[in-house]
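Every number in this text was worked out from the coordinates using simple rules, so none of it is lab data. The shown structure was predicted, so the numbers you read here are calculated from the model rather than taken from an experiment. Positions of Cβ are generated from backbone atoms using ideal geometry, with glycine treated the same way; all protein chains shown enter the neighbour counts.
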Amino acid sequence: DELISQIAAGEVVERPASVVRELVDNALDAGAAQITVRLLAGGVRLIAVEDDGSGIPEPELATALKRHATSKIASLADLESVGTMGFRGEALAAISSVSELSLLSRTAAQPNAFLLDGRSGELRPAARGVGTSVEVRELFFATPARRKFLKTDATELAHCIEAVRRHALARPDVGFAIWHEGKLVEQWRRCEGSSAQAHDRRLADVLGEDFLERSVLVEHRSGNLTVRGRAGVPDAARSRSDWQYCWVNGRYVRDKVIGHAARSAYEDVLHGQRQPVYALHVAVDPARIDVNVHPTKIEVRFRDSREVHQAVRHAVENALAAPRA
Ligand code: ADP
Ligand code: MG
């Protein structure tokens with residue numbers, strides 16, 4: 001069972017950034033308003049994620065670490081319309097099989113928190129406000145072959161920051177802070193105001209004021225499908241060529257359909273004058289996508305990918321072609 005867990009872990013946990021992504025997913029699923037990530041040695045020595053979400057009830061702490069333990073879906077039918085980031089109940093089990101994991105959590109109904117040591121299974125009362133802290137130490141300590149594949153601390157740190165950036169761009173209503181070796185390296189405050197304004201504010205905070213100024217608003221609706229976000233215009237000089245961000249129903253994904261549609265729009269309107277840069281949020285009826293395609297949930301499958309392609313292409317074309325204010 002230990003071996004099976006470690007093999008499964010290999011699919012979910014590739015490097016510290018994979019752990020960061022899963023733990024932040026969980027914090028968001030728990031309704032957190034503020035999420036703090038603390039790292040040591042690029043995350044290899046420590047990844048700690050603290051949230052002010054709903055917490056894990058004491059009786060559920062131990063089961064949260066078991067494989068396929070999820071509180072988020074109860075049936076196969078629920079899998080047809082997943083509204084949460086998690087649903088496979090795999091991440092904590094996988095991570096704890098390749099690290100020293102502890103869970104410290106308190107719900108609003110409890111007078112105190114409880115701390116679960118993943119290694120020993122020991123559970124004891126502890127102090128904490130409502131919410132959850134997950135600590136992951138010495139990633140891959142028992143699998144040196146995997147540990148060898150990790151890059152320098154600086155590179156692993158950059159990947160961890162990128163993982164949080166993807167969440168932060170999708171959730172301006174949540175505050176994020178990242179600490180490395182005791183120093184605050186990134187901080188994105190919660191954005192008030194209407195959703196479009198909040199998204200713009202967060203975009204400027206995360207990708208820079210420059211990107212916001214040299215981009216156009218993308219807004220498109222067809223049927224139940226919406227595409228919103230920003231697309232960089234030709235003079236977006238200082239934006240980086242690898243800024244092609246897309247989210248489907250709030251989940252960051254790498255998607256060929258969306259990528260191709262956006263590229264086509266740039267070719268049509270700007271005739272290849274520049275590399276597409278964009279941050280696009282696609283919202284579809286959850287029943288029309290399959291999110292259970294890949295263990296890391298980085299890919300989705302659309303029931304009607306032509307519909308998505310057309311919508312994204314139109315959305316970006318219209319935005320790029322419109323006269324700029
Ligand atoms: P999944 O997210 O797919 O359900 P995970 O292994 O990531 O599976 O987490 C297992 C369970 O632990 C979750 O379903 C949830 O009930 C609980 N959990 C994990 N992290 C948190 C958190 N930060 N706040 C509240 N509950 C959490
Ligand atoms: Mg999860």
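Would you mind putting 247-256, 47-56 in packing order, based on average other-beta-carbon counts within 10 Å, highest first? Numbers along the way, then the final one.
Values: 247-256: 18.6, 47-56: 22.7.
Ranking, from highest mean packing down: 47-56, 247-256.
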In the range 195-321, if the dipole is taken from +1 on Lys/Arg beta carbons and -1 on Asp/Glu beta carbons about the Cα centre, which of Y252, V216, V227 is farthest to the positive end? Y252
Selected from H309, V24, G10, residue furthest toward positive end of dipole (the chain; charges at beta carbon): H309
Can you give me the long-range amide H partners of G175? Hydrogens built in the peptide plane at 1.01 Å from N, cutoff under 5 Å, separation of 5 or more residues or another chain. Q34, I35, R190
Leaving out same-chain residues fewer than 8 places away, which lysines sit with a Cα under 20 Å from that of K72? K297
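Between beta-carbons, use under 15 Å as the cut-off and find the net charge around L92, counting Lys and Arg +1, Asp and Glu -1. Walk me through the intermediate numbers first.
Working: positive: R21, K66, R67, K72, R88, R119, R137, K297; negative: E11, E22, D25, D29, D51, E60, E90, E100, D117, E135.
Residues close to L92 contribute a combined charge of -2.
Explain nothing, just the number: relative contact order of the chain, from Cα pairs under 8 Å at least 6 residues apart, as a whole percent.
Details: 667 pairs, mean separation 51.7, N = 325.
Relative contact order comes out at 16 percent.
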About its Cα centre, what dipole magnitude does the range 2-188 give when the only charges are +1 on Lys and Arg Cβ and -1 on Asp and Glu Cβ, stated in debye to the nearest 20? 380 debye
Please give the residues of the range 6-37, grouped as numeric ranges, whose backbone N is less than 12 Å from a label point set 7 Å along the Cα-to-Cβ vector of R119. none
Acute angle (nearest 10 degrees) that the helix 305-321 long axis makes with the longest principal axis of the chain, alpha-carbon atoms: 60 degrees
For the chain, size of Cβ-based charge dipole, Lys and Arg +1, Asp and Glu -1, in debye: 460 debye
Please give the peptides 299-311, 164-176 ranked by average Cβ packing (other Cβ atoms within 10 Å per residue), highest first, as a rough proxy for protection. 164-176, 299-311
Along each principal axis of its Cα atoms, how long is the range 143-276 end to end? Whole angstroms, biggest number first, please. 48, 36, 33
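Could you please report the charge total around S54, scoring K, R as +1 and D, E as -1 over all other residues with beta-carbon less than 13 angstrom from its beta-carbon? Mind showing how you got there, number by number?
Details: positive: K72, R106; negative: D29, D51, D52, E60.
Net local charge, S54 excluded: -2.
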Could you derive backbone 3J(HN,Hα) for the range 208-216 from the dihedral phi with the Karplus parameters 6.51, -1.76 and 1.60 (θ = phi - 60°), listing whole Hz in sequence and x where the residue is Gly or Pro? x, 4, 4, 5, 4, 5, 9, 9, 10
Extension gain from T63 to E162, taking 0.36 nm per residue of separation minus the Cα-Cα distance: 32.6 nm
Given the Cα-Cα distance of T152 and W179 and 0.36 nm per residue of separation, how much length would full extension add, in nm? 8.0 nm
Local electrostatic count, E138, Cβ distance below 13 Å [Lys/Arg +1, Asp/Glu -1]: +3
Note on the range 195-321: contact order normalised by length, alpha-carbon pairs under 8 Å, 6 or more apart, percent, works out to 30 percent
Before rounding to the nearest 500, sum -39500 (n - 2.57) across all DSSP H runs of length at least 4 in the chain and divide by the residue total; then give [θ] at 222 nm in deg cm²/dmol. -10500 deg cm²/dmol
0 to 90° range, to nearest 10: angle between helix 195-207 axis and the chain longest Cα axis: 80 degrees
Considering amide H positions built from the backbone, and no H for Pro or chain starts, which residues 5 or more places from L46, or on another chain, come under 5 Å of its amide H? L40, E138
May I ask for the Rg/Rh ratio of the range 2-188, computed from Cα atoms with Rh as the Kirkwood radius, given to two decimals? 0.94
